[in-house]
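K.L.:
Sharing a structure here in structure tokens format.
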Amino acid sequence: MKYAFFAVAALGFASCLPVCGVAQSAAIEKDLQRRMQDMRALESYSRRRSEKDRREMEAMNPPGLDKNARERVRKMRMLDTRDVDRYKAFLTAAKTGIFKIFPNFDCVSKTVVNIGGECAGYVPETSDFSFRSVAYTNRLYHDIGFERTGIISDSFFSQGILISLGDVPIEKVALELAEMKYLLGFKPDALVANAKQTSHSLYTGVDSNGFHYSSSVTPSENTTYVLRNIAYRFSNSLAPLSPDSTLTEIKFKSLELDARDDVIVVFRIIRKDDDGGLTIVWKELGRKEGPKLKFGKGEAITDFK
């Protein structure tokens with residue numbers, strides 16, 4: 001069996017989907033390193049934190065991988081050439097790609113990657129993906145994340161809406177489908193209080209026109225899904241960070257490092273391996289600038305979930 005290297009940018013693994021030139025790859029790597037440097041600077045403000053805050057900060061800044069671990073991750077992300085060949089024509093179109101994603105079992109602490117028990121097959125830095133940035137990413141910024149047995153879309157200061165279309169060829173999915181009506185008609189919230197209510201509704205699930213929408217789905221092989229992810233922009237001003245800045249302030253400041261857009265993406269799970277990995281092929285159907293959300297005077301600045 002042959003495999004193809006279609007790695008995606010993530011904390012030191014930079015490339016393009018499906019292919020890119022050396023200059024473009026270098027630009028992605030440079031931008032990635034800048035983001036990492038900025039996140040490390042933000043981390044320096046976390047010295048005086050509660051234990052809960054420290055654990056959250058650890059999730060934002062996982063330990064680096066040594067050479068052997070990086071090589072293992074690279075190999076685990078390799079794609080079966082049969083999948084690449086099957087979608088070769090599809091992948092020549094703009095705003096398409098293919099990648100693998102592995103489940104997250106909370107195997108990472110600040111200094112240790114656990115490899116025992118269910119973590120034995122854990123693949124670091126490969127459980128969260130951003131279609132907006134076309135890269136593996138931190139769970140804080142994902143469009144989709146693979147948590148244990150479910151695909152979720154619940155990153156920080158964002159709303160994700162997922163629907164399963166069943167075994168529908170990805171090539172046949174278009175915005176004109178009836179299942180798209182709710183996604184296209186969904187209006188981003190203008191008030192934080194409303195965003196909280198919406199996020200709760202999406203967590204429990206929303207039924208509209210005979211279809212079910214939710215912020216999570218159970219992944220199934222040979223199944224196509226549509227996602228609308230709304231990454232809100234923070235329109236309030238923040239004081240310069242200091243050692244006394246809260247973790248929430250640090251998180252909002254870090255949004256400046258992310259592509260805050262409102263995207264609609266169709267993706268299909270084309271392979272589910274014995275090691276838990278999912279191979280996903282995808283296409284972006286629409287994108288616009290993420291809406292701004294402002295906190296009112298006296299309103300606590302926090303995520304709406």
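K.L.:
Looking at 221, 256, can you tell me which residue is of a type outside the set (Val, Ile, Thr), closer than 19 Å to residue 99 by Cβ and touching a strand residue (DSSP E or B) at 6+ places or on another chain (Cβ under 9 Å)?
P.N.:
Values: 256 fails: closer than 19 Å to residue 99 by Cβ.
Result of the check over 221, 256: 221.
K.L.:
Being at pLDDT 95 or above and more than 23 Å from residue 133 (Cα to Cα) is the filter; apply it to the stretch 219-257 and report the residue that is least open to solvent (accessible area, probe 1.4 Å).
P.N.:
That would be 223.
K.L.:
Of the residues that make up the stretch 136-152, is at least one without any contact (Cβ under 8 Å) to a residue 24 or more places away in the chain, out of contact with any helix residue (DSSP H, G or I) (no Cβ under 7 Å at 6 or more places or on another chain) and of a type outside the set (Val, Ile, Thr)? Show your work before the answer.
P.N.:
The first filter runs over the stretch 136-152 and keeps only residues without any contact (Cβ under 8 Å) to a residue 24 or more places away in the chain, leaving 142.
Now narrow it down to the ones that are out of contact with any helix residue (DSSP H, G or I) (no Cβ under 7 Å at 6 or more places or on another chain): 142.
Remaining after also requiring of a type outside the set (Val, Ile, Thr): 142.
Yes: the stretch 136-152 contains one or more residues that are without any contact (Cβ under 8 Å) to a residue 24 or more places away in the chain, out of contact with any helix residue (DSSP H, G or I) (no Cβ under 7 Å at 6 or more places or on another chain) and of a type outside the set (Val, Ile, Thr).
K.L.:
Please state which of the following conditions residue 237 fails to meet, knowing it meets all the rest: (1) in contact (Cβ under 8 Å) with a residue 12 or more places away in the chain; (2) more than 16 Å from the chain's Cα centre (by Cα).
P.N.:
Answer for residue 237: the failing condition is (1).
K.L.:
Then there's this: In the stretch 137-159, which residues are touching a strand residue (DSSP E or B) at 6+ places or on another chain (Cβ under 8 Å) and more than 21 Å from residue 221 (Cβ to Cβ)? Step through it out loud before you land on a result.
P.N.:
Looking only at the stretch 137-159, we keep the residues that are touching a strand residue (DSSP E or B) at 6+ places or on another chain (Cβ under 8 Å), and these are 137-139, 141-148, 150-155, 157-159.
Within the stretch 137-159, 137, 138, 139, 141, 142, 154, 155, 157, 158, 159 qualify.
K.L.:
Regarding residue 263, is this residue out of contact with any Leu (no Cβ under 7 Å at 6 or more places or on another chain) and among the β-branched types (Val, Ile, Thr)? It would help to see each step written out before you state the result.
P.N.:
On the way: out of contact with any Leu (no Cβ under 7 Å at 6 or more places or on another chain): yes; among the β-branched types (Val, Ile, Thr): yes.
So residue 263 passes the test.
K.L.:
Residue under question is residue 148, and the condition is that it be charged (D, E, K, R), at pLDDT below 95 and within 9 Å of the chain's Cα centre (by Cα); does it hold? Explain how you work it out, then say what you get.
P.N.:
Working: charged (D, E, K, R): yes; at pLDDT below 95: yes; within 9 Å of the chain's Cα centre (by Cα): no.
Answer is no for this residue.
The values are calculated or read from the model by the stated rules, or taken from the named source; none is laboratory data. Please read all numbers here as calculations on a predicted model, not as lab measurements. Positions of Cβ are backbone-derived with ideal geometry, glycine not excepted, and every protein chain shown enters the neighbour counts. With ligands, DNA and RNA removed, areas are computed over all heavy atoms of the protein, side chains included. Shrake-Rupley method; radii C 1.70, N 1.55, O 1.52, S 1.80 Å.
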